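A.B. asks: Have a look at this one before I ask anything.
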Amino acid sequence: MTVYAVERLRIFHGETPLVQDVGFAIARGECVALIGGSGSGKSLTCLTPFGLTPMRATGSARLIGEELIGRPERALAGIRARAAGFIFQQPLTALTPHLTIGAQLAEAWMQAGAPRPGRGELTAALARVGLDRPEERLHHHPHRLSGGQRQRVLIAMAIAHRPRLLVADEPTSALDAILRGEMMALLTRLRREEGLALLLVSHDLASVADHADRIVVLNQGRVEESGAAAQLLAAPASAYTRALLAATPRLDDPAPALPAPGETLLAARDVRVSFPRPGWRRGRAVAVENAALSIAEGEAVALVGGSGSGKSTLARAVARIGPADHGTVDWRGTPLPSRTRMTPLLRRLIQPVFQDPVASLDPRWQVADIVAEPLHHLRPELDAAARRDRVMRALGEVELDTGYADRRPNVLSGGQAQRVAIARAIVADPELLLLDEATSALDVLVAGRVLALLERLQRTRGLALLMISHDLAAARRLCHRILVMDDGRIVEEGPTERIIAAPAHPVTQRLVAAST
Amino acid sequence: MRARVPLVLLALVLLAALAGPAALPWRYDAIDWSAVRAPPLSPGHLLGTDSVGRDLLARTLVGTRVTLAVAAAAALVALVIGVAWGAAAGWIGGRTDEAMMRIVDALYALPFMFVVILLMVLFGRSILLVFLGIGAVEWLTMARVVRGQVLALRERPFVIAAEAAGARPVRIVIGHVLPNLAGIALAYLLLTVPQVVMVESFLSFLGLGVQEPLTSLGILVKDGADDMDIAPHALLVPGLLLVAILVCLTLAGERLRDQVGA
Amino acid sequence: MLRLIIRRLFTALPTLAAVILLSFLLMRIAPGGPFDGERPLDPATRAALERSYGLDKPLPEQAVLYVGRLARGDFGPSLVYRDFTVTDLVRQGLPVSLTLGALALLVALGLGLAAGLAAAAWPGRWPDALLMLAATLLTALPSFVTGPLLVLVFGLGMGWLPVSGWADGDPAHLVLPVIALALPVAGAVAKLSRAGLAGVLGQDHIRSARARGLSPARILIRHALRPALLPVASYLGPAAAGLLTGAVVIETVFALPGLGRYFVQGALNRDYPLVLGVVTLYAGLIILFNLFADLLYGWLDPRIRA
């Protein structure tokens, strides 16, 4: 029985078409996934018929036989309240901050006209989505819950009024890898139990593969291809889908051939980092405790773990661009001085690339000046002409048109900005790159190309890499070894293939499970 | 186009205040014995004269000049203290930051106009003290805004990248932090000026600010209010001019603040 | 909530102590003593006066005495109003000033919130633009300009309302002063509530509420209003200070027997005990009021209660 059917859907912003001729149907208990990069129109497609975007739609979208297109907002609000539930990307901000979990859940429960629920019913609803201590949580305000817990509450609210259709717009993108897997499993379980029709929106083909019955691939507002999930993944018909699949690293890809590492380059021991707790109360929150790691010449080491596990803090402490309470870091056997005493000679050795490419570049500087900044301090012997020459060479090396040299960052796309950041990192010839989630803010295809660029730099320059990631499959493309962090400690380490084939620590097991 | 109206008006007022008095036949403190309480449009006195026969147009222009000069000086004092305090708190961070901002919070809770008046009473009424005093109390908002910006900038990846690039803290502050702060500081400077104008006029209105025979818009409003039943224009002209200046400065400052996005 | 109260008290009490100490020190270091009037006193009278106020004792002991007198509500003698102590003047003037300030605060909140909500209901349309321009105009209108203008138009021009005097709190005598005092604060409240609501209405949790099909009225009142009022709540402290300050002018313009007018006379005549007493008293009042505003803030935003 078809719950939701979309035909010839077109969406316009003014007179500009953004989505053209999209169609799909979802039956009871079925999951259809809309897949595409940013700007593909996937979110517009699922939200506009319900009146949740300011855009205009034509065509047809029927929910349990009732037409949505062309209906006034009042009618759409009624349909949303009765028959549909919605989950959005940002669990941290999707709950009303001044109302308790219980009050918000009760409101959602009653939105289709059901009588006020009792405490028992609310507690059961929270228990059902896997929230621990549900009774207690009813009285809590949202800020006391973690991102994963809030997303569970939002799921409980989205199904509390027994809708027929659940619309999930990138429900896991803001969560770390472990939570992503758990949340997808929860959605699949609820869908089966309730007979819900699930419309899932994602940019990540791999993550929905096991959960969707059918997949619709969107590209620039048009359907590239659609079909049964297994079939589409096994034999993609369109070039775009193939590119998407190729750009998404998978744990069952053949093992990459990595360059052989040399002598030990960097060895850190007994690193501890803590931050003062806010307010005047005494005490410090320990972010990293008793951590040790080593990296050899040309070796790539991945630091993986959930959000808040301390991986970024540890890497920054080791690279001397973040605070550290104590701990020694040896570079080729000689200890590095503390953060404030690092000399230009030593600074040259380790260079970082960060997650957010736009925030990585000073908006007031030109690209050429941004890339040249390390040369001014780390290679003071170079004259202006030599600097310019090196900047241009670095831009060429990251495959960025040298015409961008005199532009400012605001005209760059995310991928181009990240290439500029990489050029800045390599321009002074470092020996170790610190990649702090360097591809995770980018679109799938762009991230794939940046990953390929890093792979090439690793080979041609013999660079050692310290790669922070929550994505095991991406780490596996570049890294010889994996270190797993949890709650400020390194809980497991070993060669990449061994960690993935036989994870020992529970956290590693959950990470591996979440990536396959 | 409409966005520039406040700035154009301000420029005109500034021009008139600076060049106007020299072009007039009467000095602001010269008494025309033949024309005491002359009505507007009298020969030689476009806006008439006050109760002792001083030319009202000359007094209004000079008063505007004094008011704006005090405001600019005090706003600069506020800018310097505010940026220095806020940037130091934000850059140093930690306990120092918290202590410095607690002081700002505590000062915020005080009725500042009264403290300024208290200082006037205790240490005499000099124009220098007026603007130093006002500047010294109007820096709090600037300090808060700047501190918030610096705190955010300090964690921005491009600042950390600059550290990794071997730039010394001074270079980072000069090269990355201050330029990214300039827009917002300018916006709040523009918004501080009307605050200061208000305080100065307030004090002068009460007779506690600028002293006769020198004049300011606040004194002129006060004189006008005393005589408003017989000569309402003596209240309306300086009053509306003062309001126009305040509105234009506020509109321009708010617009700039919204543009730089904070 | 209790923890918030305690924490705020920890900020408020040192501030109050600092104010008192500062006022005491200023009193002492000010050029010329409190008894340096126009006519020099003979040494014996002077010594007697100084002894009766403990001015011959060492500074720390004087400070203790000063705090003790403040605690009993004794602000010393007024030098301008020779027959009164500062405490007498406070007792007479404070009720007038507080009535004026409280009424103006209520009027400002009522007008400002109504205008802010109305503007946010039509974002970007003409009521929004008009109301916000009016609000900017109001915030830029100093009460010493609006006061005389109101007198000119409604009092002298149309003769609708009395323009001066207190008449034992007769409501008609209060209309113009309260409006003149309230208008700038109303403008600021309108701007803050408009901006707060616009910010909140764009947030994710409002989209979630809309997605659940809740009615616009329910979304506004139950989900948007409380967080939208946060900027207004944090403005209450400065607003109270602004109203007390504005009352000084309004009382002068409308010839009301409030504390502010005594204060101005004291300031013009270098009446230290009066000026210091009023400043200390007002600082204490405003610190108390800020404490109340903080608690309101805690009710609006549960995140800061912890």
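Values quoted throughout were computed directly from the atomic coordinates according to the rules given, and no laboratory measurement underlies them. Small disclaimer: the values here were computed from a predicted structure and weren't measured. With ideal geometry, Cβ positions are generated from the backbone for all residues, glycine too; neighbour counts draw on all protein chains shown.
A.B. asks: Kindly write out, for the range A:15-32 in residue order, the coupling ³J(HN,Hα) from the Karplus curve 6.51 cos²θ - 1.76 cosθ + 1.60 (θ = phi - 60°), rounded to whole Hz, with x marking Gly and Pro.
C.D. replies: 9, 7, x, 10, 9, 10, 6, 9, x, 6, 9, 10, 8, 4, x, 9, 10, 10
A.B. asks: Follow-up. Please compute the net charge surrounding C:Ala118, taking Lys and Arg as +1 and Asp and Glu as -1 over other residues with Cβ under 14 Å from its Cβ.
C.D. replies: Values: positive: C:Arg125, C:Lys191, C:Arg194; negative: C:Asp128.
That works out to +2.
A.B. asks: Taking Cα pairs under 8 Å and at least six residues apart, what relative contact order does chain C come out at, in percent?
C.D. replies: Once divided by the residue count of chain C, the mean separation gives 28 percent.
A.B. asks: Moving on. For a quick check: with amide H placed at 1.01 Å from N, whose amide H comes under 5 Å from A:Val3's, ignoring anything fewer than 5 positions away on the same chain?
C.D. replies: For A:Val3, whose amide H was placed from the backbone, the distant partners under 5 Å are A:Ile26, A:Ala27, A:Arg28.
A.B. asks: Averaged over peptide A:139-147, how many Cβ atoms belonging to another chain are found within 10 Å of each residue's Cβ?
C.D. replies: Taking the mean over all residues of the peptide, I get 2.
A.B. asks: Something else about it: Going 7 Å from the Cα of A:Asp252 in the Cα-to-Cβ direction, what parts of the range A:474-516 have a backbone nitrogen less than 12 Å from that spot?
C.D. replies: A:516
A.B. asks: Could you rank the peptides B:238-251, A:487-500, C:185-198 by their average count of other C-beta atoms within 10 Å per residue, with the highest value first?
C.D. replies: Sorting B:238-251, A:487-500, C:185-198 by mean packing, highest first, produces C:185-198, B:238-251, A:487-500.
A.B. asks: Evaluate E = 1/(1 + (r/R0)^6) for C:Phe84 and B:Leu132, where r is the Cβ-Cβ distance and R0 equals 41 Å; express this FRET efficiency to the nearest 0.05.
C.D. replies: Working: r = 33 Å, r/R0 = 0.82.
For C:Phe84 and B:Leu132, the calculated efficiency is 0.75.
A.B. asks: Once R0 is set to 45 Å, what does the formula 1/(1 + (r/R0)^6) return for the Cβ-Cβ distance between C:Leu98 and C:Leu59, expressed as a FRET efficiency to the nearest 0.05?
C.D. replies: 0.85
A.B. asks: Can you tell me, using C-alpha contacts under 8 Å and at least 6 residues apart, the relative contact order of the range A:248-299 as a whole percent?
C.D. replies: Relative CO of the range A:248-299 lands at 44 percent.
A.B. asks: Below 11 angstrom from the Cβ of A:Ser173, what's the summed charge of the other residues (Lys, Arg +1; Asp, Glu -1)?
C.D. replies: Values: positive: A:Arg180; negative: A:Asp169, A:Glu170, A:Asp176, A:Asp204.
Cβ neighbours under 11 Å give a net charge of -3.
A.B. asks: Follow-up question, since we're still on this one. Among A:Val288, C:Pro177, B:Leu189, which residue has its Cα positioned farthest towards the positive end of the charge dipole of the protein assembly as shown, with +1 placed on the Cβ of Lys and Arg, -1 on the Cβ of Asp and Glu, and the dipole taken about the Cα centre?
C.D. replies: Positive-most Cα among the choices belongs to A:Val288.
A.B. asks: Across peptide A:69-82, what mean number of C-beta atoms from other chains lies inside 10 Å of a residue's C-beta? Present the calculation step by step, with values, prior to reporting the outcome.
C.D. replies: Numbers: counts 0, 0, 0, 0, 2, 3, 0, 2, 7, 2, 1, 5, 5, 1.
That average works out to 2.
A.B. asks: Quick query: amide H of A:Glu225 versus all other amide H atoms, modeled in the peptide plane; which residues come in under 5 Å with a sequence gap of 5 or more or a different chain?
C.D. replies: Placed amide hydrogens put A:Val217 under 5 Å from A:Glu225.
A.B. asks: Placing unit charges on C-beta atoms (Lys and Arg positive, Asp and Glu negative, everything else neutral), compute the dipole magnitude of chain A about its Cα centre in debye, rounded to 20.
C.D. replies: Values: 62 positive and 55 negative charges, 220 e Å.
Charge dipole of chain A: 1060 debye, to the nearest 20.
A.B. asks: Which residue, chosen from C:Val145, C:Leu256, C:Pro123, occupies the Cα position most advanced towards the positive end of the dipole of chain C, where the dipole is computed from +1 (Lys, Arg) and -1 (Asp, Glu) charges on Cβ about the Cα centre?
C.D. replies: C:Pro123
A.B. asks: For peptide A:87-99, how many partner chain Cβ atoms fall within 10 Å of a residue's Cβ, on average?
C.D. replies: Taking all residues of A:87-99 together, the mean is 6.
A.B. asks: Quickly estimate the mean residue ellipticity at 222 nm for chain A, helices only: each DSSP H run with n ≥ 4 gives -39500 (n - 2.57), and the total goes over all residues, rounded to 500.
C.D. replies: Calculated at 222 nm, the ellipticity per residue is -10500 deg cm²/dmol.
A.B. asks: For the range C:101-266, with only Lys/Arg (+1) and Asp/Glu (-1) charged at the beta-carbon, what is the dipole magnitude about the Cα centre, in debye rounded to 20?
C.D. replies: Charge dipole, the range C:101-266, about its Cα centre: 900 debye, nearest 20.
A.B. asks: With +1 on each Lys and Arg Cβ and -1 on each Asp and Glu Cβ, how big is the dipole of chain C about its Cα centre, in debye rounded to the nearest 20?
C.D. replies: Dipole size: approximately 1500 debye.
A.B. asks: Can you tally the net charge around A:Asp383? Count Lys and Arg as +1, Asp and Glu as -1, for every other residue whose Cβ sits under 14 Å from the Cβ of A:Asp383.
C.D. replies: My count for the surroundings of A:Asp383 gives +2.
A.B. asks: What does the extension gain come out to for A:Ser173 and A:Asp401, with contour length at 0.36 nm per residue minus their alpha carbon separation? Could you put the intermediate results ahead of the total?
C.D. replies: Working: separation 228, 0.36 × 228 = 82.08 nm, distance 3.13 nm.
Working it through step by step, the gained length comes to 78.9 nm.
A.B. asks: Set Lys and Arg Cβ to +1 and Asp and Glu Cβ to -1, take the dipole of the protein assembly as shown about its Cα centre, and tell me which of A:Pro323, B:Val121, C:Gly73 lies farthest positive.
C.D. replies: Farthest towards the positive end: A:Pro323.
A.B. asks: Shifting gears a bit: Tabulate in residue order the Karplus-calculated ³J(HN,Hα) for the range C:129-137, using 6.51 cos²θ - 1.76 cosθ + 1.60 with θ = phi - 60°, rounded to whole Hz; enter x for Gly and Pro.
C.D. replies: 4, 5, 5, 6, 5, 4, 5, 4, 4
A.B. asks: Please arrange A:Thr93, A:Thr343, A:Thr16, C:Thr280 by counting, for each residue, the other beta carbons lying within 10 Å of its beta carbon, fewest first.
C.D. replies: A:Thr16, A:Thr343, A:Thr93, C:Thr280
A.B. asks: Helix-derived [θ] at 222 nm for chain C: sum -39500 (n - 2.57) over DSSP H runs of at least 4, divide by residue count, nearest 500?
C.D. replies: Mean residue ellipticity at 222 nm (helix-derived): -24000 deg cm²/dmol.
A.B. asks: Let me ask another. Measuring from label point to label point, each 7 Å out along Cα→Cβ, what is the C:Leu2 to B:Ile103 span in nm?
C.D. replies: 3.5 nm
A.B. asks: Further question on the same structure: For the protein assembly as shown, what is the percent of antiparallel DSSP beta bridges, rounded to the nearest 5?
C.D. replies: Antiparallel bridges make up about 60 percent of those DSSP assigns within the protein assembly as shown.
A.B. asks: ³J(HN,Hα) across the range C:259-272 via Karplus (A = 6.51, B = -1.76, C = 1.60, θ = phi - 60°), whole Hz, x for Gly/Pro?
C.D. replies: 5, x, 6, 4, 4, 4, 4, x, 5, 5, 10, 6, 8, 3
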